[in-house]
Amino acid sequence: MKTLKQAIQEAEKKKIAIGHFNVANLEQLKAVAHAGMRLQVPVIVGVSEGERAYLGLHHFRDLVASYNTEHASPHGFRLFINADHTHSLEHVKEAARVGFHAVLFDPLGEARGKGRELSFDDHIAQTRVAVKLVKSINPTILVEGELGYIGGSSEILETVPKGAAVRPEELTRPEDAVRFVRETGVDLLAPAVGNIHGMVKGVGNPPLDIARIREIRKAAGVPLVLHGGSGISDSDFFEAIDAGISVIHISTELRVAWRIGLEHSLKAHPEEVAPYKLMPEALAAMESVVERRLRLFSKL
């Protein structure tokens, strides 16, 4: 079976991207797996610290493993798991030991959560430690670093998150990306290129800076990950992939589909109390989102 690194390298060669979907319950995982199996493409399933705490780290790993045991193909479908937005070294170690294929170390998120900023030098120093820790446990695990603040919540927003980098002077600079990658040893880089976490009501999300993506990919020399994919236009996705994006994160869109589907089901069956009879509509709504995104990213 291909490793995640090999899957990303293949995506780069084909000028496509691997879809990354965050999940927090069985239905979301089923939706991602079903769509990936139908299209026979690899998919990354992400769980943040909060999602991991809800699902149970070992339970989540075992559920994904069961899908791979029964349905993975050497040249098609496979689920990879990513410990998304991991703030502490203890949680980094936990994910690596359990068998995750990738870890996003995000000390900036923890610092902002505590009402303080993290200097660039400290960010580099902490990420370097995280990389060494992961590689000492399993050198095949990919470590991702995030450079630039794009907001912290996958939800429906009234406005662009305060402090999010959306103006040209706020975006990740190629020279900073070069230094960050060189001094930390990360395998993947998630830059701020106009993307934000969440979906802005009405006006939509800001456009991506495609030229900046191309500059960063050329300078940094590692595959790029686009966070905050929900709310981005199809045309921006196509251009971003062509410019050097190899993995795209979707979370808010999946959450919205789950809620809308569940609300429709509850209204249609007001007396029903069996979850397995209520969930199919939510599952179908989420599968539609995942399949549409996977088709776009894989150019199918």
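What to note about this one:
- Counted by neighbouring Cβ atoms within 10 Å, the residues Val47, Val41 run from fewest to most as Val41, Val47.
- Hydrodynamic radius by Kirkwood, which averages 1/r over all alpha carbon pairs of segment 185-251, in angstrom: 12.0
- From the largest down, segment 4-251 spans 48, 38, 35 angstrom on the principal axes of its Cα atoms.
- Along the chain, longest interval not containing exposed GluC sites (Glu not before Pro), exposed being DSSP loop plus at most 16 other Cβ atoms within 10 Å: 1-116
- Were the residues from Leu26 through Glu263 laid out at 0.36 nm apart, the gain over their Cα-Cα distance would be 83.6 nm.
- Per DSSP, loop trypsin sites (Lys or Arg not before Pro) in segment 218-300 with at most 16 further Cβ within 10 Å: Lys299
- The simple spin-label model puts a point 7 Å past each Cα toward its Cβ; for Lys132 and Arg116 those points are separated by 2.2 nm.
- Placing R0 at 22 angstrom, the Cβ-Cβ distance between Asn68 and Glu10 gives a FRET efficiency of 0.80 after rounding to 0.05.
- Over 21 Å [Cα-Cα, segment 58-136], rounded percent: 39
Only the coordinates and a few stated rules stand behind these numbers; no lab work does. As the structure is a computational prediction, the values presented were derived from the model and not from experiment. For neighbour counting, all protein chains shown are included, and Cβ atoms are generated from backbone atoms with ideal geometry for every residue, glycine included.
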